[in-house]
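Trainee: After the structure tokens below, expect a handful of questions from me.
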Amino acid sequence: MLRTIYDSFYRMGTDTAMTKPVMDLLNVSHRSKFIEVMVEGTVKRNIPNKELMQILFSTADQGDTSAINIIDQTAEQLARSSAGCMNNLDFSQEAVADIVLAGSVWIKAESPLLFEKYQQYMSRWAPCDCRYIFLQVPPLPEPYYGH
């Protein structure tokens, strides 16, 4: 997303509706300061990812081609991983496979676009039909994370 905005400034990229809300969110007054803020936020690890994702999905839902392309590429990569795993584990004899979707990108999604595109790719590449289950609770209590 940030790369797409950068590209629109400096690399002949397509203008995107994401630019103004992202610039406002990052408190960047001019495009000449954009790269500096991006690098600093990356180094300090304080880029507001949740808000950036909300902008991404909101602009995609409004029809912004650049945002839709980012979501489509993300869905494609997720589906390639999932279907590749299924093919390597040989699910070809299964009628239906359960796909458990966990994490905020799936569970807290404010837009169905990523899931819809993921399903489209999976319907092409998965060796069997898929049933999607959204994991609503963590598989382990919080104290076990990171151990």
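Trainee: Of the residues T65, T4, which is buried (at least 17 other Cβ atoms within 10 Å of the Cβ), at pLDDT 95 or above and of a type outside the set (D, E)?
Mentor: T4
Trainee: Still on this structure: Check off (1) open to solvent by 60 Å² or more (accessible area, probe 1.4 Å); (2) within 24 Å of M122 (Cα to Cα) for F57 and give me the number that stays unchecked.
Mentor: (1)
Trainee: Can you tell me which residues in segment 25-38 are part of a helix (DSSP H, G or I) and open to solvent by less than 80 Å² (accessible area, probe 1.4 Å)?
Mentor: L25, S32, F34, I35, V37, M38
Trainee: Condition (residue is among the polar types (S, T, N, Q), open to solvent by less than 50 Å² (accessible area, probe 1.4 Å) and in a helix (DSSP H, G or I)) applied to segment 104-116: is it met by at least one residue?
Mentor: No, segment 104-116 has no match at all.
The values are calculated or read from the model by the stated rules, or taken from the named source; none is laboratory data. Computed from a predicted structure; not experimentally measured. Using ideal geometry, Cβ is built from the backbone for each residue, glycine included, and neighbour counts are taken over all protein chains shown. Just so you know, the surface numbers come from the protein's heavy atoms only, side chains and all, with ligands and any DNA or RNA stripped out. Shrake-Rupley method; radii C 1.70, N 1.55, O 1.52, S 1.80 Å.
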